[in-house]
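Each remark here refers to the structure printed beneath this line.
Readers should treat all values here as calculations from the given coordinates under stated rules, not as data from a laboratory. Owing to the predicted nature of the structure, the values given are computational and were not obtained by experimental measurement. Cβ sites come from the backbone with ideal geometry, for glycine too, and all protein chains shown count toward neighbours.
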Amino acid sequence: MEQNARPRSAELFDRAQKILVGGVDSPVRAFRAVGGTPLVVDHAKGSRLIDVDGCEYIDYVCSWGALILGHADPDVVSAVADQARRGTSYGMTSPLEIELGERIRSAVPSIERIRFVSSGTEATMSAVRAARAFTKRDLILKFEGGYHGHADSFLVEAGSGLATFGISSSAGVPEALARLTLNVPYNDIAAVERIFSEHSRKIAAVIVEPVAANMGVVAPAPGFLESLRKIAERAGTVLIFDEVISGFRIAYGGAQAAFDIQPDMTVLGKIIGGGLPVAAYGGRREIMELISPEGPAYQAGTLSGNPLAMRAGLATLPKLETPGFYNSLNAMAERLAAELRAALRESGVRGHVNAAGSLLTLFFADEPVRNYADAKKSNTSRFATFFHQMLNRGVFLPPSQFEALFVSAAHTEDDINRTLSSARASLEAIAVAK
Ligand SMILES: *Cc1c(COP(=O)(O)O)cnc(C)c1O
């Protein structure tokens, strides 16, 4: 399948660059880490993206994990269409927010009270504000390569797009604010202990992706999350699980259910909106009660709790509760991961496949990847070659070494088989060239 020539995409992307910054509305979409002309998408269905040239791709981006049911799931589509006729935004409370909130609380019981917002960035930013209000402290601790959206406080040693572009911190973030964000390596409890003893009782919150997915996928080492829970408790620090990716992905109740750990606060996004812009933050009642109008920490949103988005979430979550949903999704991803490892061995190309649930990353790294420093040792130019080899064979991977592949329920065994034969051919081509 020769898909190198994509004239319509090239033409539209040219036009895009004259109006949209970098031709995109979110940086990783620009393919800067892999080169070449980015996809310009015409439409999508199930596991497939179809670009404006009519080329079809098996999609492992799935809107960066939001689409666990795949594109244009019929139930989500009809819920959104029905809701559109009933009004697209009310600017007042509707029963839909209550219902989605209650559903989320039954899945994630550590969330006693919730606030819906429109993006993960808003949710993490607001969760930290609540934690600071609760503890009356300023410092926050995050992990190198952890991504928590683009609010000022988080753009220090962050993953995702910043990792892709090799940026350690963003321009435009005041030094004074950046100094309030502490960073330690993921999976390194000794470093956490050290930083807590250096800043004893000054850390408002520790925010962590319980399964890291924005430096590529890195699972928590045994005991890591348990230790974090204990250390935060002892220090009077609010433990925030950023489950924007892992929520309703690693398990219905998120990573906190899978690892049986109760954070004080949780941030959700992506899946809960069924592909529409929704996120949420929530947690212990005494913390959430500090948010306006109940408390003094201000946070608001014109389109928050948007009814179209609530309907998409309400159409999505029940389908995830179907018995066996996660077992079969994860089994498909596990087979993909296992056979990619076998393909690496056969080809002689050095690499490691990290996987957790339906998330995986093939790192072109010599050594296993347990944190951001390890991830950064990957051969990103080899990744770029692999990415284009796969794209030309009709498989769309995230266009960066430092992102997760997302397997959805719309992916079929046949999709996985086609992906694997493309991967074998792509790795072979790399082995021959190197
Ligand atoms: C995507 C993501 C965010 C940010 O969400 P946006 O909706 O893109 O603002 C925050 N945290 C994690 C873990 C994410 O993956």
Treating only the Cα positions of the stretch 262-311 as identical point scatterers, give the base-10 log of I(q)/I(0) from the Debye formula at each q in 0.15, 0.17, 0.20 Å⁻¹. -0.48, -0.61, -0.80
DSSP-assigned coil residues among chymotrypsin sites (Phe, Trp or Tyr not before Pro) in the stretch 110-165, each with at most 15 further Cβ atoms within 10 Å: 165
In the neighborhood of residue 371, defined by Cβ-to-Cβ distances under 14 Å, what is the net charge if each Lys or Arg adds +1 and each Asp or Glu adds -1? -2
Karplus 3J(HN,Hα) series, Hz, for the stretch 22-36 with 6.51 cos²θ - 1.76 cosθ + 1.60 (x for Gly, Pro): x, x, 9, 10, 7, x, 5, 5, 7, 6, 4, 6, 10, x, x
What list of ³J(HN,Hα) values in whole Hz, one per residue of the stretch 54-70 in order, does the Karplus curve 6.51 cos²θ - 1.76 cosθ + 1.60 (θ = phi - 60°) give from phi, with Gly and Pro shown as x? x, 7, 10, 10, 6, 9, 9, 9, 6, 6, 6, x, 5, 9, 5, 9, x
Phi-derived 3J(HN,Hα) across the stretch 210-227 with the Karplus relation (6.51, -1.76, 1.60, θ = phi - 60°), rounded Hz, x for Gly and Pro, is x, 10, 5, 9, 10, 10, x, 7, 9, 6, x, 5, x, x, 4, 5, 4, 5
Inverse of mean 1/r across different Cα pairs in the stretch 193-246, Kirkwood, Å: 11.9
State the Kirkwood hydrodynamic radius of the stretch 71-218 in Å, one decimal place, computed from all pairs of distinct Cα atoms. 17.8
Relative to the compact-globule scaling 2.2 N^0.38 Å, provide the ratio for the alpha-carbon radius of gyration of the stretch 291-434. 1.34
Going Cα to Cα from residue 142, which lysines come in below 26 Å? Please leave out same-chain ones fewer than 8 positions away. 202, 230, 270, 376, 377
Between residue 325 and residue 199, what is 0.36 nm times their sequence separation minus the Cα-Cα distance? Round to one decimal in nm. 41.0 nm
For the stretch 74-320, what is the Kirkwood hydrodynamic radius in Å, using each pair of distinct C-alpha atoms? 18.2
Need one number: the % of Cα-Cα pairs in the stretch 21-97 sitting beyond the 19 Å mark. 54
The stretch 247-301: which chymotrypsin sites (Phe, Trp or Tyr not before Pro) are DSSP loop and have at most 13 other beta-carbon atoms within 10 angstrom? 298
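Counting helices only, and only those DSSP H runs with n ≥ 4, report the 222 nm mean residue ellipticity of the chain as the sum of -39,500 (n - 2.57) divided by its residues, in deg cm²/dmol to the nearest 500.
-12000 deg cm²/dmol
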Stretchable slack from residue 19 to residue 367, in nm (0.36 nm times residue separation minus alpha-carbon distance): 121.1 nm
Hey, could you pull the Cα Rg and Dmax for the chain, both in Å? 21.1, 64
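Could you rank the peptides 284-291, 193-200, 237-244 by their average count of other C-beta atoms within 10 Å per residue, with the highest value first?
Answer by packing, highest mean first, reads 237-244, 284-291, 193-200.
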Run the Debye formula on the Cα coordinates of the stretch 144-239, all scatterers equal and no solvent, and tell me log10 I(q)/I(0) at q = 0.17, 0.20 1/Å. -0.76, -1.04
How long, wide and thick is the stretch 237-349, going by the Cα atoms along their three principal axes, in whole angstroms, largest first? 60, 36, 29
The stretch 12-76: which trypsin sites (Lys or Arg not before Pro) are DSSP loop and have at most 10 other beta-carbon atoms within 10 angstrom? 18
Between the modelled labels at residue 165 and residue 300 (7 Å from Cα along Cα→Cβ) the distance in nm is 3.1
Spelling it out for residue 139: with amide H atoms placed in the peptide plane at 1.01 Å from N, the residues 5 or more places away or on another chain with amide H under 5 Å from its amide H are 204
For residue 379, list long-range residues whose amide hydrogen, built 1.01 Å from N in the peptide plane, is under 5 Å from its own amide hydrogen. 364, 365
